[in-house]
Protein chains: 2
Amino acid sequence: MSVTEIRARELNAKKFINEQIRNISKTVGKGYAINALSGGVDSSVVTLLGHKALGKRLTTYFIDNGLMRQGEPQAVVSLFHKLRVPVVLIDAQKDFFNALKGIVDPEKKREAITQTFYKKVFGKLVRKSNASFLLQGTNLTDIEETVARIKRQHNVFEQLGIDPKKAFGYKIIEPIIQLRKDGVRKIARALGLPGSVSQRMPFPGPALAARVIGEVTPKRIYVVRKATAITEEALKGTKAFQYLAILHRDRVTGVRDGKRVFGLQIELRCWESIDARIATPTKLSFGTLRKLADKITTEIPEVVSVTYNIATKPPSTIEAI
Amino acid sequence: MSVTEIRARELNAKKFINEQIRNISKTVGKGYAINALSGGVDSSVVTLLGHKALGKRLTTYFIDNGLMRQGEPQAVVSLFHKLRVPVVLIDAQKDFFNALKGIVDPEKKREAITQTFYKKVFGKLVRKSNASFLLQGTNLTDIEETVARIKRQHNVFEQLGIDPKKAFGYKIIEPIIQLRKDGVRKIARALGLPGSVSQRMPFPGPALAARVIGEVTPKRIYVVRKATAITEEALKGTKAFQYLAILHRDRVTGVRDGKRVFGLQIELRCWESIDARIATPTKLSFGTLRKLADKITTEIPEVVSVTYNIATKPPSTIEAI
């Protein structure tokens, strides 16, 4: 299957939106559709397109996997509530943490999250519903990166030659598959989504699990969630492409109350990039970096060391795992 | 046992040197002494004091444990050769790597190095010799930090209440035990040692093993040795108190030849400090940091990521393990 790219600057947003609404209506016919909203720009756009095409015949789920950022599930649900799009919040934290128990290999962690999401949580919702269509926010870069094996994507079975009908029992509709991120953002703005969504920083599919090296536990997610909140708050004023906090598995020596401890280390990355294909670390001031390190080690006493990434992509990647 | 501190500014170097030479002569009498030179300022001062006191009745060994920096064993031996102090170079690399095999716990690594040094390598040299006196470069800070359990020191059996006579079969003489680092540096200059020794940056006892998180293998020492050489060369112009490269055990994602790899990460630390008790990261320019990261990832292709420490001591420590 080949996909024709629509470049952002050649994209007629209104026309594209109308076409996709028509396509979705036509494909689903009198049937029912279902989709999962993550709060990212891709799934937000697809949720709005689907809602405009299908109204109540689309059920949108927000699955709280326990790996979200601070306050994220509530913020996403309440935003769509304001847009008059009903979203069903599913608390599946236990399912995900159970599936992740004891796993340290990054590929196996991704696989555990994907399988829990599709087979256990979302798959069950689909099987219980009368929907046979799944709306999904796959974009062009997702396909290319999966083919190039730069990263694995959970949402591209079709492109990898796996029959999704057979695999999970439904048909996938991918309204934004011809767009890259800049095109999707243009559509988001045209749909009236606020800047917090249309200009939202990229965030990995496995969410904070992608920011934890080694085992993902509620305790470790708590640490990286807090570090992420502090980092995002401190750096939101920068024009950086993306910034993130990573919890390392390695322990390093620190001093707490005059005693030697083996503490945790948080690595910060802040990237300048156009499209994530190449990237350089942002030249943050030492004042900003120092304040950030102080705040993290003060508010999260388990953390005794903070580093800042100084390598470019390539040979690094944006995320650590 | 209590020790009276001599502060650097109150230290009369000539007088101190003459007193210590006399003390060593008197203690050793007509016996023989032995000592191990690491190339650091402490053991270099003690070697020179001992040599002046005992001449040929002191045998000085430089034990190459395989954990030294690039060219270090040769540089140290040739410096003392120029000073007309004979130094015997012992290649004990295999002993140390065998002892370190499979060990990841930092305390156990230190213990393996200590035991290999004392019991296996140096102990054997002592037992084979007719020396019953061991000269050792313990300074005041070593004792205090051991008592405070901030770090373990291999050279303070006496202070911990362990009888060194019983433990290793010889008596320890510690000529610089009343001095701190600044005092030792003053004595080094007065003894005519070059700036490369008298002003030498602190370097940990377990050498590059202290710069490797996780298992210490010849391969991993090779990586951290190369990163250390690049870092020391790039930062020698700074007036920083200490700078170091640490090889992490965690692997992070990188791209090599268009393919995704799990590569190594090097963490750099560069400290501003007076006496290592408190320290802040040096405000290096982003140009310097970027060049350093590029050089490390280019010359050591296994490394795909480089970070720079931005936390202070406390809660961090100077070294990572």
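Which residue out of B:88, B:45 is touching a strand residue (DSSP E or B) at 6+ places or on another chain (Cβ under 6 Å), away from every other protein chain (no Cβ under 14 Å) and at pLDDT 95 or above? Can you show your working first?
Details: B:45 fails: touching a strand residue (DSSP E or B) at 6+ places or on another chain (Cβ under 6 Å).
Checking each option against the conditions leaves just B:88.
If I ask for residues that are assigned to a helix (DSSP H, G or I), open to solvent by 40 Å² or more (accessible area, probe 1.4 Å) and either touching a residue at least 24 places away in the same chain (Cβ under 8 Å) or not polar (S, T, N, Q) (or both), which ones from the range B:63-87 would you list?
B:75, B:81, B:82
In the range B:88-140, what residues are touching a helix residue (DSSP H, G or I) at 6+ places or on another chain (Cβ under 6 Å), assigned to a helix (DSSP H, G or I) and surrounded by fewer than 17 Cβ atoms within 10 Å (Cβ to Cβ)?
B:120
Filter the range A:41-62 for residues that are touching a residue at least 60 places away in the same chain (Cβ under 8 Å) and surrounded by fewer than 21 Cβ atoms within 10 Å (Cβ to Cβ) and give the result.
A:59, A:61
Just a yes or no: is a residue in the range A:298-315 within 13 Å of chain B (Cβ to nearest Cβ) and without any contact (Cβ under 8 Å) to a residue 24 or more places away in the chain?
Checking the range A:298-315: at least one residue is within 13 Å of chain B (Cβ to nearest Cβ) and without any contact (Cβ under 8 Å) to a residue 24 or more places away in the chain.
Check B:245, B:240 and return the single one that is out of contact with any helix residue (DSSP H, G or I) (no Cβ under 7 Å at 6 or more places or on another chain) and either of a type in the set (Gly, Ala, Ser) or at pLDDT below 95 (or both). Explain how you work it out, then say what you get.
Details: B:245 fails: out of contact with any helix residue (DSSP H, G or I) (no Cβ under 7 Å at 6 or more places or on another chain).
B:240 is the lone residue from the list that is out of contact with any helix residue (DSSP H, G or I) (no Cβ under 7 Å at 6 or more places or on another chain) and either of a type in the set (Gly, Ala, Ser) or at pLDDT below 95 (or both).
Has the range A:60-72 got at least one residue that is touching a Gly at 6+ places or on another chain (Cβ under 6 Å) and among the small types (Gly, Ala, Ser)?
no
When the residues of the range A:4-31 are filtered to those that are touching a strand residue (DSSP E or B) at 6+ places or on another chain (Cβ under 7 Å) and crowded, with 17+ Cβ neighbours inside 10 Å, which remaining residue is modelled with the highest pLDDT?
Residue satisfying both the conditions and the ranking: A:24.
Having 3 or more residues that are surrounded by fewer than 23 Cβ atoms within 10 Å (Cβ to Cβ) and within 14 Å of chain A (Cβ to nearest Cβ) is the bar; report the strands (runs of 3 or more DSSP E) wholly within the range B:194-290 that clear it. Talk me through it step by step, then tell me what you get.
Working: elements: B:242-247, B:252-256, B:259-272.
Strands (runs of 3 or more DSSP E) meeting the threshold: B:252-256, B:259-272.
The values are calculated or read from the model by the stated rules, or taken from the named source; none is laboratory data. If you're wondering where the values come from, they're calculated on a predicted model, not measured in any experiment. Note: ideal-geometry Cβ built from the backbone for every residue, glycine included; neighbour counts use all protein chains shown. In case anyone asks, the SASA skips ligands and DNA or RNA and just uses the protein heavy atoms, side chains included. Shrake-Rupley method; radii C 1.70, N 1.55, O 1.52, S 1.80 Å.
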